[in-house]
Amino acid sequence: MVLLMTPALALFYGGMVRSTGVLNMLMMSFIAIPLVTVVWLVAGYSLAFGADAGGGLIGNLDHLGLAGIDPGSVRGGIPELLFVTFQLTFAILTAALVSGAIADRAEFAGWMAFVPLWTLAVYAPIAHWVWGPDGWLAGFGALDYAGGLVVEIASGASALALALVLGPRIGFNVEAMRPHNLPFVLLGAGLLWFGWFGFNAGSALGANGTAAAVFLNTLVAGSLGMLGWLAVEQIRDGKPTTFGAASGVVAGLVAITPSCGVINTLGSVVVGLAAGVVCSFAVGWKHKAGYDDSLDVVGVHFVGGIVGTILIGLLATEVMTGGVNGLFYGGGFAQLGKQFVAVLVVAAYAFVVSFALGKGVDKVLGFRISKEDETSGIDFAMHAETAYPEGVHGSSPRKFGTAG
């Protein structure tokens, strides 16, 4: 179910770009699957979930190449090989999420170089901090049930860094860059919602009451995210849109990801609604600030991840956490402070390291396509194909039987 989220993201992102960039957008998600798989099996899993190598900052290399893990190994009450695979699907999706910020203008070779480096240098350390057996943020007491810090804030901050490295698309803030295929967007959102049940409820690592509560929270938050976003559109613009519906669902799902296992159903209503409303405004910040986050990774995933992670400090309940209460349940400000610290640290680390990696890739390989290729269309420039005839509806502009 979680692996399906990456092809679903490909459709979601693919529908959001212009017709001359849909294949490249699909490929940026799909190529993340093999690239992250290779580095995860070689070293990523060990760095993220291996025994701590010091200070709660990174795992050791005892499981390099999955050494020491066999069919009889158990972790969290399930076979460790299953745990390895489950966590791998998280890492794949998180890397793919970043691509939305640089749509229509990134060299495919540069993206292929960036993904494995990012997985090892950004994703694996943050996963160790939050979910590792001796991670420092886990020891600090920050809560992140299924990836608000590890997935959403890490990808969102990294996306902002890459958007700044590559610069805006030609015509940004001048031309209308509307989604070319809204049915693709809605199909992708629906499949993401389906996969998100595996993402969140599966994090219980068992078919139990916690998984059931998380499953319901995920459904509720996605629903309220859609309603919140559409309410803003109706009041602000006079019409609710299909694009807003899809975006609102994702915003609600993003925000419930860190909190789904630590708040009750009423809390999920608050989280989903807050995310739908806040993110519907946040996607417009890029036009005022001047950064070109093509597909609103920052506005939805970064901001939505922050909303869900911070609200844990208000809405966490011991019925779900087994001990920790948020401010609204008599727990005081302590947990709220821990959530703020975790957000700041993860966002800063992901942004700085991703910016450095992006600059390095740009210097060595080049990360921005030429103006000519961007103007003519990235699909044909990068892949010698187009999704639509004559660059608008289906095949290569080359005539049958010709070469070059």
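The values are calculated or read from the model by the stated rules, or taken from the named source; none is laboratory data. Keep in mind that what you see is a predicted model, and the values were worked out from it rather than measured. Cβ atoms come from the backbone with ideal geometry, glycine included; neighbour counts cover every protein chain shown. Just so you know, the surface numbers come from the protein's heavy atoms only, side chains and all, with ligands and any DNA or RNA stripped out. Shrake-Rupley method; radii C 1.70, N 1.55, O 1.52, S 1.80 Å.
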- [ ] Keeping the other protein chains in place, figure out the carbon and sulfur percent of the accessible area of the stretch 1-146, with a 1.4 Å probe.
- [x] 73
Task: Mean Cα-pair separation over length for the stretch 232-308, i.e. relative contact order, pairs under 8 Å, 6 or more apart, % - done: 39
- [ ] Report the residue, chosen from Gly139, Gly68, Gly198, that carries the largest GNM mean-square fluctuation when the chain is represented by alpha-carbon nodes joined by springs under 10 Å.
- [x] Gly68
Open item on the list: Let me cross-check Leu82: its accessible surface, 1.4 Å probe, with only protein heavy atoms counted, in Å² to the nearest 10?
Closed with: 100
Open item on the list: What does the net charge come to around Pro133 if you take all other residues with beta carbon closer than 13 Å to its beta carbon, with K and R at +1 and D and E at -1?
Closed with: -3
Open item on the list: Could you sort Arg169, Arg236 by their accessible area in this structure, using a 1.4 Å probe and putting the largest first?
Closed with: Arg236, Arg169
Open item on the list: Suppose all protein chains stay in the model; what accessible area per residue would a 1.4 Å probe give for the stretch 1-141, in Å²?
Closed with: 31
TODO: Give the accessible surface of the stretch 144-243 per residue, rounded to a whole number of Å², with probe radius 1.4 Å and ligands, DNA and RNA excluded.
DONE: 40
Task: the stretch 249-329 - percent of accessible surface contributed by carbon and sulfur, probe 1.4 Å - done: 70
Task: Neighbourhood charge, 15 Å Cβ-Cβ cut-off, centred on Phe172 and excluding it, Lys, Arg +1 and Asp, Glu -1 - done: +2
Task: Peptides ranked, highest mean first, by Cβ atoms within 10 Å: ranges 311-317, 347-353 - done: 311-317, 347-353
Open item on the list: For the stretch 16-89, what does the relative contact order come out to in percent, with C-alpha contacts under 8 Å and a separation of six or more?
Closed with: 21
TODO: Calculate how steeply helix 5-16 sits against the longest principal axis of the alpha-carbon atoms of the chain, using the helix alpha-carbon long axis, and give the answer as 0 to 90 degrees to the nearest 10.
DONE: 40
Task: Heavy-atom accessible area ranking, 1.4 Å probe, most first, across Thr375, Thr321 - done: Thr375, Thr321
Open item on the list: If each residue of separation counts as 0.36 nm, what is the full-extension length gain between Phe108 and Trp136 once their alpha-carbon separation is subtracted?
Closed with: 6.6 nm
TODO: Keeping every protein chain in place, order Ile263, Ile33 by accessible area at 1.4 Å, biggest value first, i.e. largest first.
DONE: Ile33, Ile263
TODO: Treat every Asp and Glu Cβ in the chain as -1 and every Lys and Arg Cβ as +1, leave all other atoms uncharged, and give the resulting dipole magnitude about the Cα centre to the nearest 20 debye.
DONE: 540
Open item on the list: If I model a spin label as a point 7 Å beyond the Cα along the Cα-Cβ vector, how far apart are those points for Leu266 and Leu81 in nm?
Closed with: 4.7
Open item on the list: Which order do the peptides 39-46, 365-372 come out in when sorted by mean C-beta neighbours inside 10 angstrom, highest first?
Closed with: 39-46, 365-372
Task: Angle between the chain longest axis and helix 80-98 axis [Cα atoms, degrees, rounded to 10] - done: 50
- [ ] Would you mind pulling out the separation of the Cα centroids of the stretch 253-273 and the stretch 116-141, in Å?
- [x] 23
Task: Distance from the stretch 177-206 to the stretch 274-340 (C-alpha centre basis), Å - done: 20
- [ ] For the stretch 270-285, take each phi angle, set θ = phi - 60°, evaluate the Karplus expression 6.51 cos²θ - 1.76 cosθ + 1.60, and give the result in whole Hz per residue in order, putting x for glycine and proline.
- [x] 5, 4, x, 5, 4, 5, x, 6, 5, 5, 5, 8, 5, 5, x, 4
TODO: Add +1 for every Lys or Arg and -1 for every Asp or Glu among the other residues with Cβ under 15 Å from the Cβ of Phe243, and state the total.
DONE: +1
Task: Selection from Thr386, Thr6, Tyr145 lying farthest towards where the dipole of the chain points positive, charges on Cβ - done: Thr386
Task: Percentage relative contact order, the chain, counting C-alpha pairs under 8 Å, at least six apart - done: 22
Task: Rounded to 10°, Cα long-axis angle of helix 303-315 versus longest principal axis of the chain - done: 10
Open item on the list: Cut-off under 23 Å on the C-alpha distance; same-chain residues fewer than 8 positions from Lys371 excluded. Which lysines are left, in chain and number order?
Closed with: Lys286, Lys359, Lys363
Task: Signed unit charges on C-beta, dipole axis of the chain, positive-most listed residue Thr210, Ile310, Gly68 - done: Ile310
